[in-house]
1. Give the residues of the stretch 118-156 that are open to solvent by less than 10 Å² (accessible area, probe 1.4 Å) and outside any strand (DSSP E or B), sorted by residue number.
2. Among the numbered conditions (1) open to solvent by 30 Å² or more (accessible area, probe 1.4 Å); (2) at pLDDT below 95; (3) within 18 Å of the chain's Cα centre (by Cα), tell me where ASP205 comes up short.
3. Evaluate the following for ILE199: is it among the β-branched types (Val, Ile, Thr), more than 30 Å from ARG152 (Cα to Cα) and either open to solvent by less than 30 Å² (accessible area, probe 1.4 Å) or part of a strand (DSSP E or B) (or both)?
4. For the stretch 77-107, enumerate the residues that are more than 22 Å from ALA276 (Cα to Cα) and of a type in the set (Gly, Ala, Ser).
5. Quick one: would you say PRO277 is touching a helix residue (DSSP H, G or I) at 6+ places or on another chain (Cβ under 6 Å), touching a residue at least 24 places away in the same chain (Cβ under 8 Å) and either within 24 Å of SER136 (Cα to Cα) or of a type in the set (Phe, Trp, Tyr) (or both)?
6. Can you tell me which residue in the stretch 61-90 is farthest from PRO253 (Cα to Cα), limited to those that are in a strand (DSSP E or B) and open to solvent by 60 Å² or more (accessible area, probe 1.4 Å)?
7. Quick one: would you say LEU261 is out of contact with any Lys or Arg (no Cβ under 7 Å at 6 or more places or on another chain), buried (at least 21 other Cβ atoms within 10 Å of the Cβ) and at pLDDT below 95?
8. If I ask for residues that are of a type in the set (D, E, K, R) and surrounded by fewer than 17 Cβ atoms within 10 Å (Cβ to Cβ), which ones from the stretch 157-186 would you list?
Amino acid sequence: MGITIEFSRLIYSPAYRSCNVVCHVLVLQMAISATAALQRAHPPVVDVSVFSHVLEVNSSKKAQFVPMFGEPGDIDSSVNDGSEIRLRLEGHSGSGIKSQNSVFRGFFSAGIKLPCGFGGNSAGIVSAFYASNGGSYPSNHDEIDLEFLGVRPGHPYVIQTNIYADGSTGTGREERFNLWFDPTVGFHNYSILWTYHHIVFFVDDIPIRRYVSRPELGVPYPTKPMNAFATIWDGSTWATEGGQYHVNYTQGPFDATFTNLKLEGCVWDPRLQIAAPECALHTYKAWFNDNAMQEMSAKQMIALEWARSNFMWYSYCDDLERWPVQPPPECPKKLGNLNNLVTSGTPPSPRKGPWRKTPKSKPFARHQPPTLPRVPGQKHKRKIGSRTKLDAFHQLPFSLWKTK
């Protein structure tokens, strides 16, 4: 902006008007070079469409994602004619973007293709799509995490879910799953549904975790508006098998690509609106407050059990080293057969989740549905003896609530 103002002053000055053609060209070249340098120093704002049922509380139909960290060139919003955003991890830094709008309750979703180095190595890399309000509430922030932990070649990619509420960072609520497909060869949808009653995590419309608000038990639950974030960074100290395997930058650079980013819910900027807007009330007439959205259908519950029985290998509720007497109040009161429980092996990371090796076999002894339930609007493939048990086409998860 400063360059534009100074240039306009220059072209109307007597000295510029008395200059010859060569002089004019030189001045224009100087202005263009200065503008290009400014753009390299400050990556452009990334525009992503927002799908909202409460647009009356938001004057804009666009949600802007702005660069949060990274070197010039690490954030590229021109991929595939601007429909994809590439975040890069190189030796000097990672990168990340942040939504300008903050949303209170609703739906966060993104199609993501995860990074992979030469030879299939992604060890030490952490890619994330999450909601947080740490900038607005540094002492009592909320956070809902979807983190993707890189692995050694030949091992399934790991997804970690986590929830913090009211500054409860001392109590991580991590759960880890092996993904049942290769997330580096194409896009898959990862979503978070957040209502006043529960939080549900989805992978390609398959629910993998449900966290229910239990205020009567003193269970912390996110209650403040949050921004959406997408990042990639070096988590070598903890991400892959307790930090045993680090990022190998000779196989990079490593790119996480995001598309179809969606934010849907009550738009509320706490910096501008001290009092909660009307849409923040659970009585406000919006899809995320509907009674049907507070429960899961029978088919969703079967799909949830399928994902947890087959692919979850760590839950904070079952970690006897962290909770030798009793886990947090939202966990089952009775621990059951101790031989079937997962322990962390070593103390959890003070920052992001448990430090442990990925088990070679599934430790949970739970009933497994013989086949994956058919969810309306999806097509499934079950390949006997193959790593790929499911190929799901992307649709909005909350549409599944309509079918009981």
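1. Correct list: SER122, ALA123, GLY124, ASN133, ASP142, GLY150.
2. (1)
3. yes
4. Listed by number, the residues that qualify are SER77, SER78, GLY82, SER83, GLY91, SER93, GLY94, SER95, GLY96.
5. For PRO277, the condition - touching a helix residue (DSSP H, G or I) at 6+ places or on another chain (Cβ under 6 Å), touching a residue at least 24 places away in the same chain (Cβ under 8 Å) and either within 24 Å of SER136 (Cα to Cα) or of a type in the set (Phe, Trp, Tyr) (or both) - is met.
6. That would be LYS62.
7. Criteria met by LEU261.
8. ASP166, ASP182, listed by residue number.
The values are calculated or read from the model by the stated rules, or taken from the named source; none is laboratory data. These figures come from a predicted structure and were not determined experimentally. In this analysis, Cβ positions are derived from the backbone assuming ideal geometry, glycine residues included, and neighbour counts consider all displayed protein chains. For the accessible areas, the whole protein counts, side chains as well, though only heavy atoms, and no ligand, DNA or RNA atoms are used. Shrake-Rupley method; radii C 1.70, N 1.55, O 1.52, S 1.80 Å.
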